[in-house]
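Worksheet for the structure shown next.
The values are calculated or read from the model by the stated rules, or taken from the named source; none is laboratory data. All figures in this text were calculated on a predicted structure; none of them were measured in a lab. We place every Cβ from the backbone using ideal geometry, glycine too, and count neighbours over all the protein chains shown.
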Amino acid sequence: MLLRLVDRFAIRVGVAHAGLLQREAQLARVVQFGLLSEDRSWWRVRMPSTQKRPHIVYAKNQTSLPGRVGGMSEQIRSINAMDICTESFGSPADPCILLVMGAMASMVWWDKEFCMRLAERRRFVIRYDHRDVGRSICYPAGEIHYSILDLVDDAVGVLDSYGMKDAHFVGMSLGGMIAQLAALKYPNRVLSITAIASGIFDDRPDLPPIAEKIGAYHAKAADVDWEDEHKVREYLVGGWKLLNGTRHLFNDEQAVALAGEEIRRANDLMSMFNHARMTGGEEFYGKVNSVRVPVLVIHGDEDPVLPYAHGKALADTIPHARLVTLEGAGHEIHKDDWGLVISEISSHTEQGRRGG
């Protein structure tokens, strides 16, 4: 059965980011969260006429880019013959944490302060842009040239480019599923998994769907003028607001700043929509219970994209997995929860070490 991917942080960038390979019927139900009309015609109608470099090819491996995070600099590295933008924090002598973001969202959603606080726990932290987002290679909107397993290969390739033999994988939404697949496909490269606001990589129609309010909001995507940065930012922030739980106040100022950063960094903002067409990985259905590394599941009990039952199903499926519930949290890593999340990741990655 062909699946289509829709992931949640795209709502952060203003597009729906469900974090889960949804069955075609589920995807149609929310009309791909408004990014595509049912006949997919808006790819042709709404796409900006002038795009920034629709297919990016950088000339040199490990090209440094202007730093945006406390003096750190981003680098373009050749990963599986693709240009992938990465950034690191801390010392390579420390245990490595690979931060894997969800679909349709770049690495900037791993906030620089969050990364630096993890690095202060004596961890070498790497974040990176998936294909078709941020400063990594991107293809014309509406074209897909890879599967989810290629993104798994990219994650391991990022480790290779830094000379890391293994790492603790910390994944948000779809990123948590990429971590599961990495542990199955490359068991010697994954020290542990932390899955945040994610779910089990499997065909599980018994689990609850995305909240209807999200599909209703993103049905308006086809009416957005994607050439107007202000309108795009406003639309994306509005979508992100729907993900917020009731325990913490939504930070409009931070959301606007992050959405603006995402827009400005994108080689081609529209290319992120290609993730909605991604397929693959079906051969690993029913195998997640074979994961043998330590697994930590962090999930908000008010998650409207991947409801709490998805996190619980993942924790119940993998032997000895541990579930940490964020009360009143949505599909988010709210800054007010950073202290707890960072503490849990730090403790979990200490226990998951195989040696210095």
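Numbers for the structure displayed
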item	result
Given (1) part of a helix (DSSP H, G or I); (2) touching a Phe, Trp or Tyr at 6+ places or on another chain (Cβ under 7 Å), index of the condition residue 299 fails	(1)
Qualifying residue in the range 323-330 (condition: of a type in the set (D, E, K, R), touching a residue at least 24 places away in the same chain (Cβ under 8 Å) and out of contact with any Gly (no Cβ under 6 Å at 6 or more places or on another chain))	yes
Residue match in the range 117-136 (condition: closer than 17 Å to residue 265 by Cβ, buried (at least 24 other Cβ atoms within 10 Å of the Cβ) and among the polar types (S, T, N, Q))	yes
Yes/no for residue 316 being modelled with pLDDT of 95 or more, in contact with a strand residue (DSSP E or B) (Cβ under 9 Å, 6 or more places away or on another chain), charged (D, E, K, R) and in a helix (DSSP H, G or I)	yes
Among (1) over 26 Å from residue 216 (Cβ atoms); (2) assigned to a loop (DSSP other than H, G, I, E, B); (3) under 20 Å from the mean Cα position of the chain (by Cα); (4) of a type outside the set (A, V, I, L, M), the one test that residue 344 misses	(2)
Candidates 342, 318, 298 - the one that is in contact (Cβ under 8 Å) with a residue 24 or more places away in the chain, surrounded by 15 or more Cβ atoms within 10 Å (Cβ to Cβ), of a type in the set (Val, Ile, Thr) and farther than 22 Å from residue 209 by Cα	342
Test: residue in the range 175-194 that is of a type in the set (A, V, I, L, M, F, W, C), surrounded by fewer than 20 Cβ atoms within 10 Å (Cβ to Cβ) and at pLDDT below 95	no
Count - residues of the range 257-305 that are more than 17 Å from residue 171 (Cβ to Cβ) and in contact with an Asp or Glu (Cβ under 7 Å, 6 or more places away or on another chain)	7
The range 94-117, residues that are assigned to a helix (DSSP H, G or I) and either of a type in the set (Phe, Trp, Tyr) or closer than 23 Å to residue 146 by Cα (or both)	107, 108, 109, 114
Any hit, the range 71-88, residues being more than 25 Å from residue 337 (Cα to Cα), without any contact (Cβ under 8 Å) to a residue 24 or more places away in the chain and in a strand (DSSP E or B)	yes
Hey, residue 286 surrounded by fewer than 21 Cβ atoms within 10 Å (Cβ to Cβ), part of a loop (DSSP other than H, G, I, E, B) and either in contact (Cβ under 8 Å) with a residue 40 or more places away in the chain or not hydroxyl-bearing (Ser, Thr, Tyr) (or both) or not	yes
Residue among 232, 190 that alone is hydrophobic (A, V, I, L, M, F, W, C) and closer than 24 Å to residue 132 by Cα	232
Residue 279 being of a type in the set (Ser, Thr, Tyr), more than 24 Å from residue 138 (Cα to Cα) and touching a residue at least 60 places away in the same chain (Cβ under 8 Å)	no
Residues being under 16 Å from the mean Cα position of the chain (by Cα), more than 26 Å from residue 337 (Cβ to Cβ) and assigned to a helix (DSSP H, G or I) - total across the range 247-276	5
